[in-house]
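Below: the structure, in structure tokens.
Taken together, the values in this text are just the output of simple stated rules run on the coordinates, not laboratory data. Here the structure is a predicted model, which is why all the values come from computation and not from measurement. No Cβ is skipped: glycine too gets one built from the backbone with ideal geometry, and neighbour counts run over all protein chains shown.
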Amino acid sequence: MEKLFVYGTLREPKIQRRVIGHKIKGELCVLEGYKKIDIKIFADDFPIIIKKRNHFVEGILLNVNKKELGLIDLYESRIYKRKMVKTEKGRAWAYIPTKLSRN
């Protein structure tokens, strides 16, 4: 099993069911040294996390298998890339933004 820190739509059971076919019960978790902000892409807002000292992001730590992680990779698309981060409960994957054009 892999640990995945989620801070946006993947916290919602309906999104989990749509992406991986079932709900995953997670545990509350904090990621220090990051800040959550929303960015607008076309007409939609997307949450992202950026490195920022003296800040933290509240989220949920999920246990997922490799197949589920692959499905989530597809869901996150090219807007995000998966990166290993250190949460208060140990190392976990998190999705951070790829470099986006600021047009």
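Per the Debye calculation on region 2-89 with a single equal scatterer at every Cα and no solvent contribution, log₁₀ I(q)/I(0) for q = 0.22 Å⁻¹ amounts to -1.23.
Which residue, G26, G70, G59, has the most motion in a Gaussian network model of the chain that connects Cα atoms within less than 10 Å? Of the options given, G70 has the highest mean-square fluctuation.
Around F56, under 15 Å between beta carbons, what's the net of Lys plus Arg minus Asp minus Glu among the other residues? Around F56, the charge tally is +4. With 22 Å as the limit on Cα-Cα distance, the pairs of K36/K81; K14/K35; K35/K81; K52/K83; K66/K99; K67/K99 that go past it are K14/K35; K66/K99; K67/K99.
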